[in-house]
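Have a look at the structure below, then the notes.
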4 protein chains.
Amino acid sequence: MYSFACDYLEGCHEDVLKALCETNMEQQPGYGADRFSKEAVRKIREACHDSKASVWFLNGGTQTNQLIIDSLLQPYEGVLAAATGHVNVHEAGAIEAGGHKVLTLPTHDGKVAAADVAAYMQRFLADDNHDHMVFPGMVYISHPSEYGTLYTADELNRLSEVCRRNHLKLYLDGARLGYGLMADGTDVTLPLITRLTDAFYIGGTKAGALCGEAVVFPGGNEPAHFLTRMKQHGALSAKGRLTGVQFSVLFTDNLYGRICRHGIKMAQQIRQIFAEAGCRFYIDSPTNQQFVILTNAEIAALKQYVDFGFWEALDETHTVVRFASGWATTEDGIEQLRRAVRQCIRRN
Amino acid sequence: MYSFACDYLEGCHEDVLKALCETNMEQQPGYGADRFSKEAVRKIREACHDSKASVWFLNGGTQTNQLIIDSLLQPYEGVLAAATGHVNVHEAGAIEAGGHKVLTLPTHDGKVAAADVAAYMQRFLADDNHDHMVFPGMVYISHPSEYGTLYTADELNRLSEVCRRNHLKLYLDGARLGYGLMADGTDVTLPLITRLTDAFYIGGTKAGALCGEAVVFPGGNEPAHFLTRMKQHGALSAKGRLTGVQFSVLFTDNLYGRICRHGIKMAQQIRQIFAEAGCRFYIDSPTNQQFVILTNAEIAALKQYVDFGFWEALDETHTVVRFASGWATTEDGIEQLRRAVRQCIRRN
Amino acid sequence: MYSFACDYLEGCHEDVLKALCETNMEQQPGYGADRFSKEAVRKIREACHDSKASVWFLNGGTQTNQLIIDSLLQPYEGVLAAATGHVNVHEAGAIEAGGHKVLTLPTHDGKVAAADVAAYMQRFLADDNHDHMVFPGMVYISHPSEYGTLYTADELNRLSEVCRRNHLKLYLDGARLGYGLMADGTDVTLPLITRLTDAFYIGGTKAGALCGEAVVFPGGNEPAHFLTRMKQHGALSAKGRLTGVQFSVLFTDNLYGRICRHGIKMAQQIRQIFAEAGCRFYIDSPTNQQFVILTNAEIAALKQYVDFGFWEALDETHTVVRFASGWATTEDGIEQLRRAVRQCIRRN
Amino acid sequence: MYSFACDYLEGCHEDVLKALCETNMEQQPGYGADRFSKEAVRKIREACHDSKASVWFLNGGTQTNQLIIDSLLQPYEGVLAAATGHVNVHEAGAIEAGGHKVLTLPTHDGKVAAADVAAYMQRFLADDNHDHMVFPGMVYISHPSEYGTLYTADELNRLSEVCRRNHLKLYLDGARLGYGLMADGTDVTLPLITRLTDAFYIGGTKAGALCGEAVVFPGGNEPAHFLTRMKQHGALSAKGRLTGVQFSVLFTDNLYGRICRHGIKMAQQIRQIFAEAGCRFYIDSPTNQQFVILTNAEIAALKQYVDFGFWEALDETHTVVRFASGWATTEDGIEQLRRAVRQCIRRN
């Protein structure tokens, strides 16, 4: 049964796999000193328009968030995030395990508003007791957000500005960054993110790689002894070549963008299928995750033909479900979904 | 130039790579729920003769040591280890970052002696102030050790017994376990380790895999909510299939043993080459790491033909160097070494 | 100028001071093995009607919260608390520094409702992804709360029941416990708290002592090696006699209760003074903290005569201020307040 | 029975107690903003000849070591200490609980040698793998050491120099500092320590105070937001007056020096008593701790008259015991010891 349950159901893109095969027996030094990692760094710097950027490769998203947040914050600082942010809800307390509090802001369809950051800082500084409180040291955002929504360049600019004015670092979680960059209508680019943030990562695990996230510190402004910090967090791979090869391929001839664009197109077809069936959407997502409101009966029926994810109960008879496409989604899978929807959902 | 610098210079064994290719586009759920991980668990249980063993897959050795030690110890407990142990020297303080002290024992060619554990515990318990000290909660050993040496079954039995008598967990770091199990003359087997320890891991990264270590909790006696602990440590992979596929292949028809046996044979040839050249060995290692004493002039000469690792300075004119073989070492590489040694080292 | 700014403005009760003087040169062993600490433990057990209770003495509230929460939780667990709870807002991230997330519940005038705990647990357990989330392991309540409010026996019973049903520890922060126990109309007693919680502390710093909080683990159900945990947290005093003497005196002839009752009477007079002046109260507090709504002009005027604390801005012209009484509040101080209010606040 | 078991058997010096009584009911703000703390800061700055020094008051030694070491180190750094150092042996892992490894150096009667620091750093920097190791970030010394020995000004100068050359902080644990400063023949003064270290503390608990250690950051070079760090560590007292009053008295007319000098004189009498009885000393201590070698039979006999501490077994029939004097040691106590020794030890 074809599954739209998430965007990490398959292995890696065939070009990535091919490169892994071709380079497999080449002897290369460990811990990121291999030539593939060096190539990948160079290519990512180019894509970011930042020849000085520090680029490091890690294995997964939670590991990356934990390490970067811990490395950029002082012990008495916490991280501001949307209440719905991944670091606040779905990382099993990884941030707190590093000693840092997640300070929550209102969520706007998964996004953080510059005005909310400004208001938080104003209240904090005005509070006579703020020396007894956790100092905000960073703003965490995800792009796309956990709800598939995107910041505009203007929103990012305003966030960046409020951060700099308040001496807050700005960190962007790009677990699904490729799908954000390739969405229709977005004016956010990799160079823009590089200009506006203090750190971000380019997600590979959900966008064509077997594993791997590329961390970027714009301008080379990385935490001191970052390799040692990686090691101490258990995040330094002996065979750095594994992520090096993958990101080198993904950033050759914009493979990363091209395969994410495919994921977007598949998402648009998913959207169209449900729209034509008369279904409503929980949120307007331009990226690879589509949140559809279905009746519980429709869900039960559909589940016989295709797989997808539960998101949240809406009322007693309706539920929000998630259909995720990705670089690996096939036309055939979409076709199966189309047939299943026609069969199971009849509204008009 | 052929390199013997370490045992993680190449990618993965061709059978592993083949399986990764063949299964690449199969849709499978994440976080270890994929069918490959389940198969790998089943096969490892069989190899361990323990149908109830808990088996989990992690990415690297430091991550594994950090997570297991942290999960098995109480906050007021530390881990006893040889002063030369990897957790004490080469993990950038990963154990302490989790809040636990490494309590050092004398090293016997990299190994811990049961008698030293007993003596430590006797002194500790006899000390009136031991409530102000770190409680030993575990013994950490590596097999093979960092010096390529091996415990005998008798030594492991005695360690296990002293641990049980003192309510200490026994944990075995098997980063290079395959090379230990396949060494000539060893009487230590996977089922024996399973019977005698509270936790251990079967190293993949240095023995045929792109990445991955298989953690085993004998008898299913795993720490509560281990998956959540993995997540909190940033050690839970979204695509668990990556390690699942690899370990499933490595534990099919004893591929793991066969390729490690190849590494041992290559090490024996390395040993013979240097022995025939009249060189002395720093330590008598039956595993895939050979520690040779060379003059600094010989080292400089050899380095023009093959690569290898610096271990430690012995005196002003002699240095200990390490030659590591592995599953990937080629006959051709050995031949290059033979020619180089003949050319550069003339003693008789 | 007389101050009502907080309840820790003076040293300690005269009887406590007298005992410190009288016992000063008596040689006693350190780290809580002194006879005063032993006496204090015995007296507190009696007051709690629990002859097996474990009782330990610490120096301050944040230290106590941090140590107890850290000792009772597993690493993957967090603590449920009202969003306004001291551990969530005013302890500079001490709980997170120990690796635990504070999971927030709605606040009901500073209190936690059993129904909210039940609902949280139901949502948590129903969430398919809860293995990726922080497990609730404890409910933290403060009695009196940060808003001076009190739980009823019935509310505590319901909280205790929901905790036991959900395998959550119940921990009560009693920084101002004496003022709660001696409030008019309360049906909560020390034995009741002992029966219903897994741990609580009897605050000394704000109720007659120079420093010190008495931690109680009902039934002797204390975390293993608690003294060592105290030491590791930097919370074990060499001169345990300092808190031992103080609590021994405070729990002789119910001095603790009597002096807190004095604080309550003084609070009632404060209340009456403002009520007679026609002022409204922000919250109905039966304890030693009174939250009064004043105009900003009235505040400026009053500040020339007496000191008190800012609580929060209500609107552009009104502010909530706090007047704290305590064991040390004098009739003369109250008289000064009365005169000042008459002078500065004219409403009728 | 008179006890020489340790130097924290009594309460506080009578002048300290008197001041606590006289100031008891004076209303003063909390958290170190009281006038006594401010006076104490001023007086300590004067005693240190450093008008810009930051001075903070904490409750105990382990708390102080934990907080300062954690505040001055980066997460990837550890602290160099003698293997016998208090932070390495007797603080229940408090340093590791903060995430930092204690890196051990050889002990020279409890002291650290500059040459050993230099050699450690040379080896560390020469090691190709040092990025996988804990970076030394600080040298911890205790003065007097745990063995009652003292650094000379020359030794401190050399330690300071090797630290500065290697970018290591130098931190001095002064739990018994007063006894060191007042020892015969020392050329180490408070201003010298202030010039040569990055942080140190002046111990109060063992030198006249009920509790309290005064932390000094020379030149005002304190960690950012130190008050918040104190709070986060559970080390910020609500009633800062308690330590403020005490240190203000101790640093008035050099009371601290005078009472410690008394302790030294008492130690000299202890020394003389045992020397006259023909006993040998384990170590030559010019401070308030005397380490005497006695036969086990002598120990059993003496224990019937006076109390003292076990230090370590020397051989089957001899044991090292510790006699500690202090500010509170009485002439009468010394007389009791003299009589007991005459009765129990007959050698000549």
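What whole-number value in cubic angstrom gives the convex hull volume per residue for the C-alpha atoms of the range A:176-316? Could the numbers behind the result be given before it?
Working: hull volume 24.2 nm³, N = 141.
Considering the Cα atoms of the range A:176-316, their hull volume per residue is 172 Å³.
Once a ≥ b ≥ c are taken as the square roots of the eigenvalues of the Cα gyration tensor of the range B:82-237, is the result rounded (a/c under 1.5), prolate (a/b larger than b/c) or oblate (a/b not larger than b/c)?
Since a/c reaches 1.5 but b/c is at least a/b, the shape of the range B:82-237 is classed as oblate.
Per residue of chain C, what 222 nm ellipticity follows from adding -39500 (n - 2.57) for every DSSP H run with n ≥ 4, rounded to the nearest 500?
Result for chain C, helices only: -12000 deg cm²/dmol.
What residue among D:A114, D:A126, D:A267 has the largest mean-square fluctuation in a Gaussian network model of chain D, using Cα springs under 10 Å?
D:A126
How much of the DSSP bridge set in the protein assembly as shown is antiparallel, in percent, rounded to the nearest 5? All intermediate terms of the calculation are to be shown ahead of the outcome.
Values: 92 of 163 bridges.
Here the share of antiparallel DSSP bridges comes out near 55 percent.
Extending each Cα 7 Å along its Cβ direction at D:D109 and B:L314, get the distance between those two points in nm, one decimal.
About 3.9 nm, to one decimal.
Provide the percentage of antiparallel DSSP beta bridges, counting only those with both residues in chain B; round to the nearest 5.
Expressed as a percentage, antiparallel bridges in chain B total about 55.
Once you put a point 7 Å from the Cα of C:R339 and another 7 Å from the Cα of A:Q343, both along the Cβ direction, what distance in nm separates them?
With each label placed 7 Å out from Cα toward Cβ, I get 9.0 nm.
Given axes a ≥ b ≥ c from the Cα gyration tensor, I'd like to know whether the range B:161-213 is rounded (a/c under 1.5), prolate (a/b larger than b/c) or oblate.
On the way: a/c = 3.32, a/b = 1.59, b/c = 2.08.
Verdict is oblate for the range B:161-213.
Using DSSP to define loop residues, name the trypsin sites (Lys or Arg not before Pro) in the range A:126-213 whose beta-carbon has at most 14 other beta-carbon atoms within 10 Å.
Those that pass, being in a loop and sparsely packed, number zero.
Per residue and in cubic angstrom, what volume does the convex hull of the Cα atoms of chain D have?
In chain D, the Cα hull volume divided by residue count equals 139 Å³.
Using the Cα atoms of the range B:6-153, I'd like the radius of gyration and the largest Cα-Cα distance, Dmax, both in angstrom.
Cα radius of gyration and Dmax of the range B:6-153 are 19.2, 63 Å respectively.
With the crude spin-label approximation of a point 7 Å out along Cα→Cβ, what separation in nm comes out for C:K18 versus D:T189?
So the two model labels end up 4.7 nm from each other.
For the protein assembly as shown, what percent of Cα pairs sit more than 48 Å apart? Don't jump to the answer; show the numbers that get you there.
Details: 388402 of 968136 pairs.
Percent of Cα pairs beyond 48 Å in the protein assembly as shown: 40.
For a quick check, take a GNM of chain A with Cα springs below 10 Å and name the residue from A:G30, A:G178, A:G244 with the largest mean-square fluctuation.
Maximum fluctuation in the GNM of chain A, among the listed residues, is at A:G30.
Given a 10 angstrom Cα cut-off, can you work out which residue in B:G220, B:G203, B:G85 is the most mobile in a GNM of chain B?
B:G220
List the residues of the range A:164-186 whose backbone N lies under 16 Å from a point placed 7 Å from the Cα of A:Q272 along the Cα-to-Cβ direction.
A:184
How much FRET efficiency would the formula 1/(1 + (r/R0)^6) give for D:H167 and D:S51, where r is the Cβ-Cβ distance and R0 is 30 Å, rounded to 0.05?
That pair, D:H167 with D:S51, gives E of 0.65.
Which of the lysines could a cross-linker span from A:K239 if the Cα-Cα distance has to be under 24 Å and same-chain partners fewer than 8 positions apart are dropped?
A:K18, A:K38, A:K43, A:K206, A:K231, B:K18, B:K206, B:K231, B:K239, B:K265, B:K303
How large is the dipole of the range C:14-254 about the Cα centre if only Lys and Arg carry +1 and Asp and Glu carry -1, each at its Cβ, rounded to the nearest 20 debye?
580
Can you list the GluC sites (Glu not before Pro) in the range B:294-348 that are in a DSSP coil and have 12 or fewer other beta carbons within 10 angstrom?
B:E316
Here, each number is a calculation from the coordinates, and none is a lab measurement. Bear in mind that the values here come from a model prediction, so they are computed numbers and not experimental data. A quick note on method: Cβ atoms are made from the backbone with ideal geometry, for glycine too, and the neighbour counts reach across all protein chains shown.
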